[in-house]
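Below is one structure, written out as structure tokens; the observations come after it.
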Amino acid sequence: MQLLASATIGNTANTNLDGTTGTYYNFPAPSQGSRIVAWRVIATGNSSAGRLNGFLRSQRHFSASSATYRHFIAIPIAAVTVSGTVQQWSWTEPDDRLVIQGDEFKFATYIGETFFLEAWGDAP
């Protein structure tokens, strides 16, 4: 298993689950043929209870020209106050997703905080 892609997911809250309304942060799709087996999320500081929502636009479900994104994952976020003895919150969410050409990912934070997101898996 290896790190396939990573990105910082922004600090603008968005509770919408339609994939279009509000602020979203693009996530670089791993190379075609990669298999994502886990998503790892790490808070960049204090975190509040909420969730990180993931959306996918894929040729498996839509035509190549479709702009429709579908909600595919909701990662729960715990409230943590960082201190000298408490580290920032982190979570690993299992997945089993084969990346094909044209797949596009984007994420939105339910709360207005910043997270570091990683996709882990196997590359072709």
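The values are calculated or read from the model by the stated rules, or taken from the named source; none is laboratory data. Quick caveat, the model's predicted, so the values are computed rather than measured. With ideal geometry, Cβ positions are generated from the backbone for all residues, glycine too; neighbour counts draw on all protein chains shown.
Things worth noting here:
- If you go through the range 25-34 and keep only what is in contact with a Phe, Trp or Tyr (Cβ under 7 Å, 6 or more places away or on another chain) and either exposed (fewer than 15 other Cβ atoms within 10 Å of the Cβ) or part of a loop (DSSP other than H, G, I, E, B) (or both), you end up with just Ala29.
- Residues in the range 97-120 include none that are assigned to a loop (DSSP other than H, G, I, E, B), charged (D, E, K, R) and surrounded by fewer than 15 Cβ atoms within 10 Å (Cβ to Cβ).
- When the test is whether a residue is loosely packed, with under 14 Cβ neighbours inside 10 Å, in a loop (DSSP other than H, G, I, E, B) and modelled with pLDDT of 90 or more, Val86 passes it.
- For the range 24-41, taking the residues that are in contact with an Asp or Glu (Cβ under 8 Å, 6 or more places away or on another chain) and not polar (S, T, N, Q), the one that is modelled with the lowest pLDDT is identified as Ala29.
- Scanning the range 1-44 for residues that are closer than 14 Å to Thr109 by Cβ and without any contact (Cβ under 8 Å) to a residue 60 or more places away in the chain yields a total of 1.
- Given (1) within 14 Å of Thr8 (Cα to Cα); (2) among the β-branched types (Val, Ile, Thr); (3) exposed (fewer than 15 other Cβ atoms within 10 Å of the Cβ), number of the condition Thr92 does not satisfy: (1)
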